[in-house]
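Visitor: Below are the structure tokens for one structure; questions will follow.
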Ligand code: GLA
């Protein structure tokens, strides 16, 4: 279903559930990160794109004096959030992403109106495609629609990130919420996470496509590994006497190698290399130099696997299959994407070969892991939008 069809679907669900049509419909996309992994919280660069998978909400004002009801059309479950007081954490668990955003608006002095909401997400859960950021940014967009007051998209992304920190307990960087709020159709987003300066990099060459390969092995970022990696990066920066790893060159790291443990050194080596790879990849995309972008993607995966140690067997298997297909079979490059420990790979491929590559990866992955992969291609999609209202 495309976005318009999804909007019609969620509007129908709203009508069925609440007995009247919705007044507002809003959506925010998930994302795939082409390159620049675990660099955002190191003040580095990232190069994600929004994908044609969305969190969508249809809503209307509610007669309930001080509550928001959200009916999840996937799981047929309703969350009720009291807005008469500062919004706090609560049940069900998924409502915390929404609660965090509502609390963020309250902190900015915004009076949240009572609402009835129907919600639908086509971003796979736990797939590393930022289903949570999509939900957060979608909620923020709904508040904008319902209050008639838009906030700066950068502010919106930061508000959503804070929701993830405070209400979901994940000390994430800024990439996911930024791309969900600021993505543009047909473009990747090169984001400097230090200055928060963004550059839209056109990706409209019809001869290439991006494939998202979901290993269907769930990733769970609140497991502590993410926070541990973040702490190790901070330790490396401290030992090198700089604010963040963005300030360190590969040579400086080599000179300072003795100041840290071997593990912390390897973590830093990934980050410093990845920041460089990301700016080079952006140059490659600008020049439609796909073989170069592909090589950088493979190098990114190797560093995430060996130095940063956030890959897993299934992600490695996908990359190995992609490498075995090779340029001859239409694959330029492939890597794990997102936080890691499961979730998805992203592959840069020739459009002509999409079908054959999809078939080969699905077959070989099943043979080697016993698991069915889910594979789809996506054009770079637009960021959060108010579809109706
Ligand atoms: C998760 C986080 C992001 C980023 C990636 C790794 O998706 O939410 O902020 O750190 O992991 O690149």
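Coordinate-derived values only; no laboratory data. Please read these numbers as outputs of a predicted model, since none were measured by experiment. When we count neighbours, we look across all protein chains shown, and the Cβ atoms used for this are built from the backbone with ideal geometry, even at glycine.
Visitor: Tell me whether the stretch 246-317 comes out rounded, prolate or oblate; compute the Cα gyration tensor, take square roots of the eigenvalues as a ≥ b ≥ c, and use a/c under 1.5 as the rounded threshold.
Guide: Numbers: a/c = 3.59, a/b = 1.35, b/c = 2.67.
Because a/c hits 1.5 or more and a/b fails to exceed b/c, the stretch 246-317 counts as oblate.
Visitor: Full-extension gain between residue 235 and residue 204, please, as 0.36 nm times their residue separation minus the C-alpha to C-alpha distance. Walk me through the numbers on the way to the answer.
Guide: Numbers: separation 31, 0.36 × 31 = 11.16 nm, distance 4.03 nm.
7.1 nm is the gain from fully extending residue 235 to residue 204.
Visitor: When Rg is the radius of gyration of the Cα atoms in the stretch 37-150 and Rh is its Kirkwood radius, what does Rg/Rh come to?
Guide: Numbers: Rg = 14.9 Å, Rh = 15.0 Å.
Computed over Cα atoms, the ratio is 0.99.
Visitor: Once you treat every alpha carbon in the stretch 106-189 as an equal point and sum by Debye, what is log10 I(q)/I(0) at q = 0.23 Å⁻¹?
Guide: -1.29
Visitor: Helix 3-18 versus the longest principal axis of the chain: what is the Cα-based angle in degrees, 0 to 90, to the nearest 10?
Guide: 40 degrees
Visitor: While we're here: Run the paramagnetic zone check for residue 185: 7 angstrom along Cα to Cβ, then residues of the stretch 6-36 with backbone nitrogen under 17 Å.
Guide: Label zone hits: 6-8, 26-30.
Visitor: If you don't mind, another one. What value, in deg cm²/dmol to 500, does the helix sum -39500 (n - 2.57) over DSSP H runs of n ≥ 4 give at 222 nm once divided by the residues of the chain? Walk me through the numbers on the way to the answer.
Guide: On the way: 11 runs with 162 residues, N = 389.
After summing the helix terms and dividing by residue count, I get -13500 deg cm²/dmol.
Visitor: By how many degrees, 0 to 90 and rounded to 10, does the Cα axis of helix 290-306 deviate from the longest principal axis of the chain?
Guide: Value to nearest ten degrees: 90.
Visitor: Something else: Relative contact order of the stretch 32-71, please, whole-number percent, based on alpha carbon pairs below 8 angstrom and at least 6 residues apart.
Guide: Details: 23 pairs, mean separation 12.1, N = 40.
RCO, the stretch 32-71: 30 percent.
Visitor: Continuing with the same structure: Give the calculated FRET efficiency between residue 313 and residue 227 to the nearest 0.05, with a Förster radius of 22 Å applied to their Cβ-Cβ distance. Before the final figure, lay out each step's value.
Guide: Numbers: r = 23 Å, r/R0 = 1.04.
Efficiency computed from Cβ-Cβ geometry: 0.45.
Visitor: Sticking with this structure for a sec: Under a 10 Å cutoff between Cα atoms, tell me which one of 212, 154, 110 has the largest fluctuation in the Gaussian network model of the chain.
Guide: Ranking 212, 154, 110 by mean-square fluctuation puts 110 first.
Visitor: Could you calculate the FRET efficiency of residue 20 with residue 257 from 1/(1 + (r/R0)^6), where r is the beta carbon distance between them and R0 is 45 Å, rounded to 0.05?
Guide: Numbers: r = 65 Å, r/R0 = 1.45.
It comes out at approximately 0.10.
Visitor: Continuing with this model, one more query. At a threshold of 8 angstrom on Cα-Cα distance, excluding pairs fewer than six apart, so keeping six or more, what relative contact order does the chain reach in percent?
Guide: Numbers: 871 pairs, mean separation 91.4, N = 389.
This gives 23 percent for the chain.
Visitor: OK, next. Rule-of-thumb check for the chain: C-alpha Rg over 2.2 N^0.38 Å?
Guide: Working: Rg = 20.9 Å, N = 389, 2.2 N^0.38 = 21.2 Å.
The reported ratio for this selection is 0.98.
Visitor: Once you sort the root eigenvalues of the Cα gyration tensor of the stretch 204-287 as a ≥ b ≥ c, which label holds: rounded (a/c under 1.5), prolate (a/b larger than b/c) or oblate (the other case)?
Guide: Numbers: a/c = 3.14, a/b = 1.41, b/c = 2.22.
Note, shape of the stretch 204-287 comes out oblate.
Visitor: Compute the Cα gyration tensor for the stretch 273-386, then decide on rounded, prolate or oblate, letting a ≥ b ≥ c be the square roots of its eigenvalues: rounded whenever a/c is under 1.5, prolate when a/b is larger than b/c in the other cases, and oblate in all that remain. Walk me through the numbers before you get to the answer.
Guide: Working: a/c = 1.33, a/b = 1.18, b/c = 1.13.
The shape class here is rounded.
Visitor: Tell me, in nm to one decimal, what length is gained between residue 359 and residue 323 on full extension, where the rule is 0.36 nm per residue of separation less the Cα-Cα distance? If you can, show how the numbers build up before the last one.
Guide: Numbers: separation 36, 0.36 × 36 = 12.96 nm, distance 1.49 nm.
Stretched out fully, the residue 359 to residue 323 stretch lengthens by 11.5 nm.
Visitor: Explain nothing, just the number: relative contact order of the stretch 262-312, from Cα pairs under 8 Å at least 6 residues apart, as a whole percent.
Guide: Values: 26 pairs, mean separation 21.9, N = 51.
RCO, the stretch 262-312: 43 percent.
Visitor: Sticking with this one: Would you calculate the volume per residue, in Å³, of the smallest convex hull containing every Cα atom of the stretch 175-327?
Guide: Numbers: hull volume 21.2 nm³, N = 153.
Convex hull of Cα atoms, per residue: 139 Å³.
Visitor: If each residue of separation counts as 0.36 nm, what is the full-extension length gain between residue 12 and residue 61 once their alpha-carbon separation is subtracted?
Guide: Computed gain between residue 12 and residue 61 is 16.0 nm.
Visitor: Calculate how steeply helix 95-107 sits against the longest principal axis of the alpha-carbon atoms of the chain, using the helix alpha-carbon long axis, and give the answer as 0 to 90 degrees to the nearest 10.
Guide: 80 degrees
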